[in-house]
1. I'd like to know which of A:GLY58, A:GLY39, A:PHE157 lies farthest towards the positive end of the charge dipole of segment A:4-226, counting +1 on Cβ of Lys and Arg and -1 on Cβ of Asp and Glu.
2. Whole-Hz Karplus ³J(HN,Hα) for segment A:338-343, in order, using 6.51 cos²θ - 1.76 cosθ + 1.60 and θ = phi - 60°, x for Gly and Pro?
3. Please report the relative contact order for segment B:197-342, taking Cα pairs under 8 Å with a sequence separation of at least 6, and give it as a percent rounded to a whole number.
4. What does the helix-only formula give at 222 nm for chain B: each DSSP H stretch with n ≥ 4 adding -39500 (n - 2.57), the total divided by the residues, and the result rounded to the nearest 500 deg cm²/dmol?
5. Treat every Asp and Glu Cβ in segment B:119-219 as -1 and every Lys and Arg Cβ as +1, leave all other atoms uncharged, and give the resulting dipole magnitude about the Cα centre to the nearest 20 debye.
6. Rounded if a/c is under 1.5, else prolate if a/b beats b/c, else oblate: with a ≥ b ≥ c from the C-alpha gyration tensor eigenvalues square-rooted, which is chain B?
7. Counting other C-beta atoms within 10 Å, and keeping those with at most 16, which DSSP coil trypsin sites (Lys or Arg not before Pro) do you find in segment B:159-224?
8. Would you work out the charge dipole size for the protein assembly as shown about its Cα centre, treating the Cβ of every Lys and Arg as +1 and the Cβ of every Asp and Glu as -1, and quote it to the nearest 20 debye?
Amino acid sequence: MASLTLDTITKSFGQLEILHGIDLDIADGEFVVFVGPSGCGKSTLLRVIAGLEPATGGTIAIDGEDVTHHSAAARGLAMVFQSYALYPHMSVYDNLAFGLENMRMPKDQITQRVQTAATLLQIDKLLQRKPGQLSGGQRQRVAIGRAITRNPKIFLFDEPLSNLDAELRVQMRIELSKLHKDLKATMIYVTHDQVEAMTMADKIVVLRDGRIEQIGKPLDLYNHPANKFVAGFIGSPRMNFISASVTACSANHVSVTASGLQETILPVNGTGLAQGETVSLGIRPEHLELDAAGEWTLTVDLVEQLGGTSFIHGTLPSSEALSIAVNGQTGVSHGQPIRIRPKPGMVHLFSSTEGERALPPSSPRL
Amino acid sequence: MTHHAPDQDSRTLSAHFARGFGLAYTGLMRALEPPFAAIQKRVGIKGMAYVFVAPNMIIFSVFVALPMILNIWYALTGSNRLMIGERPFVGLDNFSALLDCKDYLDVNSCKQDRFWRAVHNSVLFVALQVTAMVALSLVTALILNGKLRARGFFRAVFFFPVLLSPVVVALIWKWILQRDGLLNALLLSSGGERVAFLHDASWSFFWTVFVSVWAHMGFYALILLAGLQAIPADLYEAAEMDGTPKWRVFWRITVPLLLPTLLVVVILSLIRAVQAFDEIYVLTGGGPGTATQFIVQYIYETAFANQVHLLGLAAAASLLVAVVLMVLTLLQLRISYHGKTS
């Protein structure tokens with residue numbers, strides 16, 4: 001168990017800079033999830049922390065000790081790979097013991113550690129099997145077991161569940177969360193799946209193009225996204241964005257119009273906004289409701305009925321697409337115009353410039 | 001007036017070619033359709049498979065299967081006559097003549113001492129050559145698999161000798177090794193003495209091993225390189241995270257995972273070493289004396305080069321070699337089959 005501090009970490013491959021100065025503090029025992037779309041640099045960042053890739057610039061400190069130039073082994077971390085990376089010619093026992101043998105640990109101690117990890121992960125009956133004889137979920141457990149036996153300072157997970165099917169993924173997600181509570185270890189987990197991020201993390205780090213967009217607790221990111229990217233990335237189905245222009249603004253309200261929509265007055269501090277400025281309204285599908293008296297009209301394109309929830313996808317008069325999540329089942333059908341309105345206080349406002357920051361930056365929810 | 005960019009012209013030209021080719025292909029297919037349709041009517045759709053492999057089977061029968069059968073017949077018949085009809089049947093006499101030895105380790109106690117000298121030479125050659133071949137090609141593959149400047153260039157360099165004809169290889173090395181060759185010139189100019197590289201029995205044997213390794217190593221290095229690259233990189237990363245020392249990574253991860261490939265290389269190079277002939281025949285002619293005369297050269301000379309053409313004896317010797325090679329081939333097939341299934 002340990003804390004981790006990254007200070008302006010950069011990473012380049014040749015001329016191409018992948019990470020542009022990452023600053024991050026991870027506290028002892030925290031479960032941190034790096035999330036972002038493909039190519040955002042999250043896996044590279046994890047590999048830099050692991051020591052598998054040298055950082056081009058900046059420093060990495062574990063428990064305050066600078067380990068930037070330490071080898072992967074000397075950092076005392078353990079990594080669970082996306083492909084599991086089990087040694088195919090060794091039994092499960094040997095896979096778990098391999099790292100300990102490298103440390104020249106006495107045999108009886110190795111056996112004890114392997115047994116403890118195997119029991120914890122319920123793979124103690126599989127110790128004599130080869131990885132080829134295991135199912136995907138069992139291999140995943142062995143890969144995690146291999147990390148546990150080494151008793152590392154920090155666990156690193158590189159998209160560990162992406163090779164499992166949906167049902168198993170949900171199960172392993174729960175088990176990993178439990179494992180984190182049992183071991184009280186610091187864990188860093190990379191995923192492109194925002195559901196994994198939301199459900200498992202103490203702290204989420206949203207990355208885009210090698211930069212951190214926002215760091216925060218899962219619900220903070222959901223409720224107070226720092227910009228349009230985070231707002232769109234966190235939450236499923238994703239947030240709706242409607243472009244609008246400011247018609248009037250004062251210290252306690254902003255009026256906006258969007259084409260085909262009535263003027264809407266938002267009770268928010270409009271200081272710094274100018275009349276005529278283009279902005280984006282952000283409304284989550286679950287924050288829109290059907291209301292015969294609603295100000296907005298939507299033409300329904302598609303209805304997805306999941307039983308417990310229904311998603312209505314439609315088009316606004318401005319031909320912008322919009323999705324609504326409705327509890328329970330709905331009688332709305334394709335082609336039908338419906339009246340809707342945003343739930344009060346649930347509209348986000350984003351600048352169309354300055355990296356599409358939330359407006360005002362301090363309290364984006366209106 | 002329309003103006004065509006040169007790029008566009010070449011595009012229309014290639015389009016014309018494509019169309020021309022397409023027309024020719026369709027024409028050919030149309031022309032072939034009636035006869036094939038007629039054949040299919042006779043033999044049915046399953047029988048067509050045999051029709052399509054027939055040309056290959058005919059060539060194989062005439063040039064491979066038939067000579068093999070003839071070889072067996074020659075081995076069972078005597079005299080120096082070429083026409084099979086004129087050769088008297090002698091049963092296993094040729095084999096018993098070949099195997100007639102008081103002590104198989106003492107060449108001089110054997111009736112066919114030249115055969116046994118060739119066998120002894122071949123066994124020593126195979127042992128040395130295969131060991132050197134596997135060790136050197138493994139080292140080469142490991143180096144070529146690593147982070148190396150101009151890796152593509154070096155990969156090509158090691159493969160070039162494989163592309164050369166064996167005779168060319170032998171002539172190049174003869175030019176280097178002969179009495180007034182390049183190597184002796186270098187020795188003399190650096191104050192050394194001339195060495196009879198190709199006329200001293202031990203040196204000559206050494207160079208046959210060296211040259212055949214040099215000529216074929218690239219091929220085996222390439223197979224091993226492919227084997228090394230088939231080992232997932234993340235296994236090495238996992239080992240790195242586990243703090244595994246380099247030698248332990250090699251013995252515990254690289255070697256076990258490369259083993260199926262390594263065994264294939266061992267068997268293939270064994271088979272080829274047993275068959276060694278052309279380079280050595282051109283390089284040393286089997287000499288000095290019989291110091292570098294191997295089994296295939298013995299067969300060739302017994303059958304065709306000596307004044308009396310002992311075709312039966314040569315055929316019997318080649319059958320014995322065939323049995324050895326067959327065993328090795330079966331072994332190789334089993335190993336590669338096993339490697340695929342496990």
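1. Toward the positive end, the furthest listed residue is A:PHE157.
2. 10, 9, 9, 8, x, 5
3. Dividing the mean separation by the residue count of segment B:197-342 yields 28 percent.
4. Result for chain B, helices only: -24000 deg cm²/dmol.
5. Details: 7 positive and 3 negative charges, 95 e Å.
My answer is approximately 460 debye.
6. oblate
7. On the way: sites: B:LYS174, B:ARG179, B:ARG194; in loops: B:ARG179, B:ARG194.
Filter output for segment B:159-224: B:ARG179, B:ARG194.
8. 1840 debye
Coordinate-derived values only; no laboratory data. No experiment lies behind these values; they were computed from the predicted model shown. Using ideal geometry, Cβ is built from the backbone for each residue, glycine included, and neighbour counts are taken over all protein chains shown.
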